[in-house]
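Since every read-out is calculated from the coordinates, none of them should be taken as a lab result. Quick caveat: nothing in here was measured; it's all calculated off a predicted structure. As a convention, Cβ positions derive from the backbone with ideal geometry for all residues, glycine included, and neighbour counts pool all protein chains shown.
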Amino acid sequence: MPSSTTDKSAGSRRDQILREAARLFASRGFHGVGVDEIGAAVGISGPGLYRHFAGKDAMLAELLVGISGRLLAEGKRRKAEAEDAHSALESLVRGHIDFALDDRPLITLHDRELDRLRESDRKLVRQLQRQYVELWVEVVREVYPGLAEPEARACVHAVFGLINSTPHSTSAPRSTPAPGRTAMAFLLHRLALGAFGAAADGQPSRHDHPFE
């Protein structure tokens, strides 16, 4: 068998293992899932997983470091391919919404299990995330030059919080059906861009601040 075919098959199996590990870790917690269960989910023996990963810790690290790196790389690509700053911001918002809607287990996993990573991996995740945030801040300030850098950064974090909250929408009562994917994506897109626009609509006076 050609090496390229073998490499592709091994890569596909690793991706399959990671997807199932993310799903199981998110639903039952890192310590609530055994290697044998992950193996059963992908149709191989638990010990067979060790041909691909050193253990659960390695899977968790690859999941969390991997998604942080993927978001940054995708963000850079979207910015580079955009015609202008407005198009870049639209594209960044769409890309992050796609991540939040299609990779929900990874958001849950990040929230719950990041502290379980060894320090070097945790630092790498934080570093990649900071670069991703600063990429957004740069684009937001091009679109809204009146926003000071700290305000733009706060807006970016707030929009991430808004978009990343979608995994928790499944906790709604069963009698209240959640919006479909297309409707949810459209709603999040409007809300995210609206948040940036609202923040840039002038600087209120001290008496306009409701929290002072």
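Quick notes on this one:
- Alpha-carbon Rg with Dmax, taken over the stretch 1-160, Å: 18.2, 59
- Volume per residue of the C-alpha convex hull in the stretch 21-105, rounded to whole Å³: 99 Å³
- Kirkwood Rh in Å, taken over all unlike Cα pairs in the stretch 24-70: 11.1 Å
- Taken along the Cα-to-beta-carbon direction at a fixed 7 Å, the label points for ALA158 and SER120 span 3.9 nm.
- With a simple spin-label model that places each label point 7 Å from the Cα along the Cα-to-Cβ direction, the separation between ILE44 and ALA198 comes to 4.8 nm.
- Average projection area in nm² (convex hull over Cα atoms of the stretch 64-156, one quarter of hull surface): 6.0 nm²
- Here each label is just a point 7 Å from Cα along the line to Cβ, and for LEU101 and SER87 those points are 2.2 nm apart.
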